[in-house]
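Every read-out reported here was derived from the displayed coordinates using simple, explicitly stated rules and does not represent laboratory data. Here the structure is a predicted model, which means the values were calculated and not measured. FYI the Cβ positions are ideal-geometry reconstructions off the backbone, even for glycines, and counts take in every protein chain you see.
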Amino acid sequence: MNIPVGVSARHVHLSQQDLETLFGPGAGLHPKKELSQPGQFASEETVDLQGPRGTIEKVRILGPVRPKTQVEISKTDAVKLGVDAPVRESGDIQGSAGLLLIGPQGHIELQTGVIVAARHVHFSEEDARTFGVHNGDELDLQVQGERGLIFNHVVARVNKAYKLDFHIDTDEANAAGLHTGDEVEIVEVHDLHADEDFRGNEEKRDISTPVAAERQAVVK
Ligand SMILES: [Zn+2]
């Protein structure tokens, strides 16, 4: 049984307030392409990211808007921008890096919210049962091929609204020779929460929050 790969290009999630600061009062996002996770989309809108060492232009904004603004970049991007972005699960932004976001109508000096997303697999509840995983487990995933390797510390995320997908960033994809639509295989499930009251909390993870970050499976 294999898991499809979704490669996430750098992207930005915006709060409504920050969206209006960057694009003007009353601004909304205009869907350009649906993403693999239901309800999530790449928007027509982009922003520029400016760090102390460099700028990356036209970074895609993903919708819908979120409670908090979050920027997800690769380690290579972080070097180019000159920011020290930590590897984090989506939504865990405390003490993360900052950046200047530049839009057509304004800019935002983001103090925190810039992360390198921790690699993860989205499972529906049914998929989770099929694969024998629980929310919060860590997985080892085997990649075949010329640059084959095993990804460790892959976080399992379970929610009834999710669609099976292994999300990695462009650095990870390039290092392993992977593209969106390729497949990987679970070789080990580490049940980190077997003795804790953690199971069954899947329902409490509201996918409208940044915890369920969605990425660009298509737009690279
Ligand atoms: Zn994801």
- Message: Starting from the 7 Å offset along Cα-to-Cβ, what nm value, one decimal, do you get for the label separation of residue 53 and residue 17?
- Response: 3.2
- Helix-only [θ]222 nm of the chain, DSSP H runs n ≥ 4, -39500 (n - 2.57) each, per residue, nearest 500: -3500 deg cm²/dmol
- Please state the relative contact order of the chain as a whole percent: Cα pairs under 8 Å, 6+ residues apart? 29
- Task: Within the set of other residues whose C-beta is less than 14 Å from the C-beta of residue 147, count the net charge using Lys and Arg as +1 and Asp and Glu as -1.
- Result: -4
- Item | Computed over the stretch 117-182, the ratio Rg/Rh where both radii use C-alpha atoms and Rh is Kirkwood | 0.97
- Task: List every residue whose amide H lies under 5 Å from the amide H of residue 154, counting only residues 5 or more places away in sequence or on a different chain, with H placed 1.01 Å from N in the peptide plane.
- Result: 139
- Item | For residue 35, residues with placed amide H under 5 Å, excluding near neighbours | 40, 41, 42
- Note on the structure: In this structure, among 32/80; 33/58; 80/163, pairs with alpha-carbon gaps over 23 Å are 32/80; 80/163
- Starting at 0 and stepping by 10 Å, how many percent of the alpha carbon pairs of the stretch 99-155 end up in each bin? 17, 30, 22, 22, 9
- Message: If I model the stretch 1-145 as equal point scatterers sitting on the Cα atoms and use the Debye formula, what is log10 I(q)/I(0) at q = 0.09, 0.11, 0.14 Å⁻¹?
- Response: -0.31, -0.46, -0.72
- Expressed as a whole-number percentage, the relative contact order of the stretch 1-70 with C-alpha contacts under 8 angstrom and at least six residues apart is 39
- Please figure out what share of the DSSP beta bridges in the chain is antiparallel and state it in percent, rounded to the nearest 5. 70
